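Below is one structure, written out as structure tokens; the observations come after it.
The values are calculated or read from the model by the stated rules, or taken from the named source; none is laboratory data. Predicted, not measured: the structure shown is a model, and the values here were computed from it. Cβ placement follows ideal geometry from the backbone for every residue including glycine, while neighbour counts extend to all protein chains displayed.
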Ligand SMILES: Cc1ncc(COP(=O)(O)O)c(C=O)c1O
């Protein structure tokens, strides 16, 4: 009998009514593998115990990532965990579901029929890398044809300073200059004039963001397209637009269908989104689509033949479970256009309700009242108050709420904001509790006479997740 089992027997005699305390006797490995095996029930319970003190996902209003899926979806995903998304010959039906998802998303984004190409990814980060690489390869071919010395300077990518960190990674990994356009009080989204001025013959493309991570604001993609179109008329190298629609790509088509931000615009050649944000799937699933095959250079499509037949792959990652793809298809099938519209309308209603109630306190200036994606973003009106947004966030954390506070990026960094990301599992009832807790927190803080922390904490970030 194993040492742990003997202990268990002994403890069972001592504490027959408290089986949980039995687990105290089991040695939990931290630095090297246990020598002995453990029965599945004990392993399960021990890990459950380890995870016990983590936050409550539904009260985490810092993340865009889905924290709820229906029971049937979860079951389906659990039943398909073993399927490898890359193994197209072993799992042709799963790949068919992936293709259907690509078709549906391309249709939602008004891609020209028949010639688009796309794939699932782990998330928007991988999708952005692929889109960025495609732009780099296309630029290089055009530059070489024009006799430009491509070794003289690094290629560059133009984007608002409100970019998500995946673009910084993309530029570091593939040796590209990240040419950021500063944000300021007037330009809290992409300053288009400045972006066009920043183009040179080493520019691989411009990224427009549909739902900036910091504020949820949209770059004006229609205006960007018009400016790029006018630039391209006389330019030797055509500048493409990629839209980073990580959070907006599966929200806007249902709530702002009239807004042209997608392939309706001529110079938008590729778009990414995170299925695990407003696509309503658990992490990690993302999507990237190119409007026409010519925008995805052939060098980025690899053929492998060692999984039982020739198959193309255009992902950075190789093996991963197909269950997220299946979860995405479940949502598309189950909800349809009407379902997504209803769910997102409700989430937007909750965001606007929170904004309205917070506005009544007259304490905040709003950067977003949930009018773009359902994000509420605000700053304090009066900096001479005895408390700061950081203090407010600290108070709310005591009630289990995770609400980030952080300064905006360069040139706007003296503006510290608080961001509430509303997701489908934030019900009106829960929102009312958040507001009640906020009112109590403000009341408690107003009674304090200590110096405010926030304005002294310039550059400090609390709980910001992308
Ligand atoms: C605008 C934007 N781009 C890219 C990403 C990265 O997305 P993912 O977490 O799916 O890799 C995020 C994440 O919040 C984002 O907001």
### Message
Kindly evaluate residue 117 against the criterion of being at pLDDT 90 or above, in contact with a strand residue (DSSP E or B) (Cβ under 8 Å, 6 or more places away or on another chain), assigned by TED's automatic domain parsing to the domain that holds residue 323 and under 30 Å from residue 421 (Cα atoms).
### Response
no
### Given (1) farther than 24 Å from residue 210 by Cβ; (2) in a helix (DSSP H, G or I); (3) touching a helix residue (DSSP H, G or I) at 6+ places or on another chain (Cβ under 6 Å), number of the condition residue 88 does not satisfy
(2)
### Task
Mind listing whichever residues of the range 128-158 are free of Cβ contacts under 8 Å to residues at least 60 places away in the same chain and either within 14 Å of the ligand (Cβ to nearest atom) or within 21 Å of the chain's Cα centre (by Cα) (or both)?
157, 158
#### Entry: Lone qualifier among 115, 27 - being more than 16 Å from the ligand (Cβ to nearest atom), more than 21 Å from residue 314 (Cα to Cα) and part of a loop (DSSP other than H, G, I, E, B)
27
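Each row is one residue, and each column tells you yes or no for (1) under 30 Å from residue 189 (Cα atoms); (2) assigned to a helix (DSSP H, G or I); (3) out of contact with any strand residue (DSSP E or B) (no Cβ under 9 Å at 6 or more places or on another chain).
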{"residue": "330", "(1), (2), (3)": "no, yes, yes"}
{"residue": "336", "(1), (2), (3)": "no, yes, yes"}
{"residue": "344", "(1), (2), (3)": "yes, yes, yes"}
{"residue": "355", "(1), (2), (3)": "yes, yes, no"}
{"residue": "377", "(1), (2), (3)": "yes, no, no"}
### Task
Just one of (1) modelled with pLDDT of 95 or more; (2) within 19 Å of the chain's Cα centre (by Cα) trips up residue 295, so point out which.
(2)
### Task
Filter the range 143-162 down to residues that are in contact with a strand residue (DSSP E or B) (Cβ under 7 Å, 6 or more places away or on another chain) and in a loop (DSSP other than H, G, I, E, B) and give me whichever is surrounded by the fewest Cβ atoms within 10 Å (Cβ to Cβ).
154
### Query
Does the range 57-65 include one or more residues that are out of contact with any strand residue (DSSP E or B) (no Cβ under 9 Å at 6 or more places or on another chain) and within 16 Å of the ligand (Cβ to nearest atom)?
yes
### Task
Could you tell me which residue of the range 233-249 is farthest from residue 201 (Cα to Cα), considering only residues that are without any contact (Cβ under 8 Å) to a residue 60 or more places away in the chain and surrounded by fewer than 17 Cβ atoms within 10 Å (Cβ to Cβ)?
233
## Note on the structure
Scanning the range 361-386 residue by residue, the ones that are more than 26 Å from residue 245 (Cβ to Cβ), touching a helix residue (DSSP H, G or I) at 6+ places or on another chain (Cβ under 8 Å) and free of Cβ contacts under 8 Å to residues at least 60 places away in the same chain total 1
### Task
Could you tell me whether the range 90-98 includes any residue that is under 23 Å from the mean Cα position of the chain (by Cα) and surrounded by 18 or more Cβ atoms within 10 Å (Cβ to Cβ)?
yes
### Query
So which of 25, 54, 50 is farther than 30 Å from residue 397 by Cα and modelled with pLDDT of 65 or more?
25
